[in-house]
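Here's the structure, in structure tokens; my notes come after.
Since every read-out is calculated from the coordinates, none of them should be taken as a lab result. As the structure is a prediction and not an experimental result, all values here were calculated from the model. Reconstructed Cβ throughout: ideal geometry from the backbone, glycine too, with neighbour counts over all protein chains shown.
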Amino acid sequence: MKYSYNWLKELSGTKKMPIQIADIINMRAFELEDTRKAGSDTQLEFNILPNRGHDALSHVGMAREICAVEGRKFFPRFGLGNVPRPNLGFGLKVEIKDKNLCQRYIGAVIENIKINPSPKWLQQKLIACGIKPINNIVDITNYVMLETGQPLHAFDIKKTTGNIIVRKAKRGEKIKLLDEKIYELNENNLVIADSEKPIALAGVMGGSKSSVTEKTKTIILESANFNAKNIRKTRTALGLQTESSYRFEREIDPNLAEIGAARAIELLQEYGGKNAKIAAIADTYPKKLKPWTIKLNSEYVNNLLGEKIEILRMEKILERLGMKVKQSEKLLNCEIPTRRLDLVTEEDLIEEIGRIYGYENIREFAPKMELSVPLENAKRNFEHKIRDVMTALGFSEVYNYSFYGVKEIENFRLELKNHIEVANPMNPDQQYMRWSLMPNLVKAVRINLKNFEKFSLFEIGRKFFYEKNKIPQEKTILASALVNPSAKNNLFFKLKSKLESLLDHLGYKNTKYEILNTKYLFWHSSRTARITLHGKELGYIGEIDPAVLKKYNISCRVAAFGLKIDELLTLPRAEKIYHPISKFPTVERDISMFVGEKVLYADIEKKIRNAGGKLVLGVELFDVFEKEDVKSLALRLKIGSSAKTLTSAEIEAVMKKIISTLEKELKVKVRK
């Protein structure tokens, strides 16, 4: 909020300069946003947090803070008395239809109004706070709002039926507001109406048709209190932000309505025309808010703050903040004024004592306590290890939302019944908790394709699902995607080699891959394999179905895998055994072959290692060629011995045995 320094000085009696006021408030209460000259005044803008919007969004509230910080009690420079109750025959009827949405409504009929410019001193204060003066009536309502924190509004009584009804709007009901725009309302919006029509959007903005003009002679002054949640929802839905809604949606004291009304009536009688007078008052206050008491233990205060503050000093700090305090040995019985809706617990009061005392005055010392080594979080460390290896393998980590919408469920052919629906989604695209990480990962692929031709991504995140008993569950998944147009038919095998390298670094051996037509329909029907280890299913690796990719305007192949981290963590890891570097040279031999459709690479590698025995030190698939019904594989074999240097004859003998085994047992045709 923007404050006038001269106004604060007048209310608080401070002798400090603007920069000094800014410093002490910045240290003790609110962060300074900006300061600037405004004519002969200085504008101070502070960031008032929502929990202090109840009392601090006003010059009186800020003046009270200044006095408390300076060690003085606040004494208002004007009367904070009650609304006058004239005993007149004319009455104003006010009816509140929903008492939960309107806690209090004060209406005052003031006649013999004369529209004039406001006095110069009032205009200067409004300008210093960033508000443009309009006329004496409107300016007084704005002035009182800035002074007390209570939003006000004035209606021209001749443009109404003379009564006030606070009700919910009817669906499709329309109103033209002061911004000259027409808004269509629904039953969630609260309006101020007369017997025929809505005349204002409650707590947000007045209606154009009931506004005060130069011809206005009699007004209805409104000082009310509205439900904070309702005002916030209305303001958000209609895209309106006003000074009134800003205060109401932070919840203000219903008793403030009377203070604001009394102050406005006082100013209207003085500056609204020499014959201005009150014709009627109506105050509907169904459930009066009364002060409440909090018992504060002084020992608890010092234990929590880590400082020794005398109980008498605590008492004085709380009294300077406007509380009535009675001491009873080590207890302070504090009566909380209704304007401080944020003070509910002992801890709230301790925070008030701490900030006014000054956190910088609390001595620093190391706490005395026993230190123990925390338990190792095995799962978190395992995830960190996965991140390190995946990054070393050239993958970039992404973080996606844990939600998606019906569109992703349909695009990936998932079952809606398996998904957990969010009770209050931010938007339709976040209506369901993700059952799979793949939809959002593919969306990340689409975004990256705008800038890169080839890349690899991974994400470690949770999937959410229902168990058979309908209890929501979650599991941690590693999902990865690879895009590389130059790989062509080898894309699956390139990702598979990355996955094997990951598992090898993590200490897992003998992973098996079973080609199958999975039940999850977003996978390619013939380029997908199930990943198993020690008989447990760990996930799937394969290519995403082109039909799915087409829905995201992706024309290239995308290989992906999903791995269950929780399952992987339960499996035994291979014991690492040190092998010295061989003293003898090794040789590499390439072997190319035509294979049948049902021949698995895993079987080929197994036969090669069995036939070559200990002399086969490594097998690497480096090329795959497919055309129509013909499939060709090219492998590189690393051959050597730890006992001697192999001769050419010995190497040829090993290669002949391997080729013979492959041709006899797997029916492959080795190219020579």
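In whole angstrom, how long is each semi-axis of the equivalent ellipsoid of segment 587-671, when you take the square root of 5 times every eigenvalue of its Cα gyration tensor and sort them from largest down?
Taking √(5λ) for each Cα gyration eigenvalue gives 24, 12, 11 Å.
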Enter the per residue convex hull volume of segment 353-416, computed from alpha-carbon coordinates, in Å³ rounded to the nearest integer. 322
Quick check: residue separation of Lys158 and Lys379 times 0.36 nm, minus the Cα distance between them. What number comes out in nm? 72.3 nm
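How large is Rg/Rh for segment 2-70, to two decimals, with Cα atoms and a Kirkwood Rh?
0.91
With an 8 Å cut-off on Cα pairs and a minimum separation of 6 or more residues, tell me the relative contact order of segment 94-284 in percent.
Numbers: 417 pairs, mean separation 66.5, N = 191.
Over segment 94-284, the number comes to 35 percent.
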With a bin width of 5 angstrom, please list the P(r) values of segment 178-316 as percents of all Cα-Cα pairs, from the 0 bin to the one holding the largest distance. 2, 7, 13, 15, 15, 12, 10, 7, 6, 5, 5, 3, 1
For a label point 7 angstrom out from the Cα of Lys170 toward its Cβ, which stretches of segment 186-204 have the backbone nitrogen within less than 13 Å? 186-187, 194-198
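Checking the table Lys564/Lys607; Lys475/Lys536; Lys454/Lys564; Lys475/Lys576; Lys512/Lys536; Lys385/Lys536 against a 18 Å threshold on Cα-Cα, which pairs fail?
Those over the limit are Lys564/Lys607; Lys454/Lys564; Lys475/Lys576; Lys385/Lys536.
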Normalised per residue, the volume inside the convex hull of the alpha-carbon atoms of segment 292-359 in Å³ amounts to 73
Gap separating the Cα centres of segment 470-484 and segment 382-451, nearest whole Å: 8
Distance in nm between pseudo-label sites at Thr511 and Glu187 (7 Å out along the Cβ direction from Cα): 5.7
Crossing angle, helix 256-271 versus the chain [Cα axis fit, 0-90 degrees, rounded to tens]: 50
Between segment 572-601 and segment 113-159, the alpha-carbon center distance in angstrom: 86
Surpassing 32 Å at the alpha-carbon level, of the pairs Lys551/Lys627; Lys97/Lys316; Lys181/Lys288; Lys494/Lys551, are Lys97/Lys316; Lys181/Lys288
Grab the Cα-Cα distance for Asp504 and Asn418, subtract it from 0.36 nm times how many residues apart they are, and report the gain in nm with one decimal. 27.6 nm
Rank by packing, highest mean first: peptides 491-502, 340-351, 418-429, with packing defined as the count of other Cβ atoms within 10 Å averaged across residues. 491-502, 340-351, 418-429
Dividing the convex hull volume of the Cα atoms of segment 484-603 by its residue count, what figure in Å³ per residue is obtained? 157
From the C-alpha gyration tensor of the chain, pull out the three semi-axes of the equivalent ellipsoid (sqrt of 5λ each), sorted largest to smallest, in whole Å. 76, 33, 21
If I take R0 = 25 Å and measure r between the Cβ atoms of Ser642 and Lys667 in this structure, what FRET efficiency does the formula 1/(1 + (r/R0)^6) give, to the nearest 0.05? 0.15
Return a whole-number percent for the relative contact order of segment 292-359, with Cα pairs under 8 Å and 6 or more residues apart as the contact set. 41
Reachable lysines from Lys132, criterion Cα separation under 19 angstrom, eight or more residues apart if same chain: Lys2, Lys37, Lys120
List Glu597, Glu663 from most exposed to least, where exposure is judged by having the fewest other Cβ atoms within 10 Å. Glu597, Glu663
Relative to the compact globular guide of 2.2 N^0.38 Å, what is the alpha carbon radius of gyration of segment 123-174, as a ratio? 1.50
Tell me the label-point distance for the pair Glu214, Asp623, using the 7 Å Cα-to-Cβ offset, in nm and rounded to one decimal. 9.3
Which parts of segment 331-359 would a label at Lys295 reach, counting a residue when its backbone N lies under 16 Å from a point 7 Å out along Cα-to-Cβ? 331-336, 345-347
Rg over Rh of segment 351-489, using C-alpha atoms and the Kirkwood radius, what does it come to? 1.17
Taking segment 378-570 and dividing mean pair separation by its residue count, relative contact order in percent (alpha carbons under 8 Å, at least six apart): 20
Let me see the P(r) profile for segment 140-214: every Cα-Cα distance counted, bins of 5 Å, each bin given as a percent of all pairs. 3, 16, 26, 25, 18, 9, 3, 0
Go ahead and run the numbers for FRET between Asp603 and Leu371, Cβ-Cβ distance against an R0 of 56 Å, rounding to 0.05. 0.50
